[in-house]
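Read-outs throughout are calculated quantities, based only on the coordinates presented, and are distinct from any laboratory measurement. All values derive from a computational prediction rather than experimental measurement. A quick note on method: Cβ atoms are made from the backbone with ideal geometry, for glycine too, and the neighbour counts reach across all protein chains shown.
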């Protein structure tokens, strides 16, 4: 009997498949080759890179959604104030800080075809990018809620 354990003997011990010839030493038949291991690592690396990119994109989307939500709050607040305060035709603008973000709003009050009925349009942008995040439109009569 040979000093090398043959594949047949190793197969009987560990239940390996039958597709390797009997004269192949067990040391060669059992386990993975270096190429197989490197291929598996390469595939795993691509999967990890994909998950990392997906996570980064999700984080950016959440930040953009938060900015848009804050801009919506600024717009709603400006419309409530404009409907409550005395009527001022024309354009007003200003800056508001919410959390750590600075927003710029522009409120335009204009007449409509109906006498005594006014259109209020507010636009809110993120101050650092000047990108328009939201625009809201509301209407009011001459007498505000504070009258």
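Among the residues of the range 128-144, is any in contact (Cβ under 8 Å) with a residue 40 or more places away in the chain, out of contact with any strand residue (DSSP E or B) (no Cβ under 9 Å at 6 or more places or on another chain), surrounded by fewer than 14 Cβ atoms within 10 Å (Cβ to Cβ) and under 12 Å from residue 87 (Cα atoms)?
no
Which condition number in (1) exposed (fewer than 11 other Cβ atoms within 10 Å of the Cβ); (2) in contact with a strand residue (DSSP E or B) (Cβ under 7 Å, 6 or more places away or on another chain) is the one that residue 83 fails?
(1)
How about the range 131-147: which of its residues are more than 16 Å from residue 79 (Cα to Cα) and either outside any strand (DSSP E or B) or over 24 Å from the mean Cα position of the chain (by Cα) (or both)?
Passing the criteria: 131, 147.
So which residues in the range 102-119 are buried (at least 16 other Cβ atoms within 10 Å of the Cβ) and under 14 Å from residue 74 (Cβ atoms), if there are any at all?
Initial filter on the range 102-119 (buried (at least 16 other Cβ atoms within 10 Å of the Cβ)): 103-109, 118.
103, 104, 105, 106, 107 - these are the residues of the range 102-119 that are buried (at least 16 other Cβ atoms within 10 Å of the Cβ) and under 14 Å from residue 74 (Cβ atoms).
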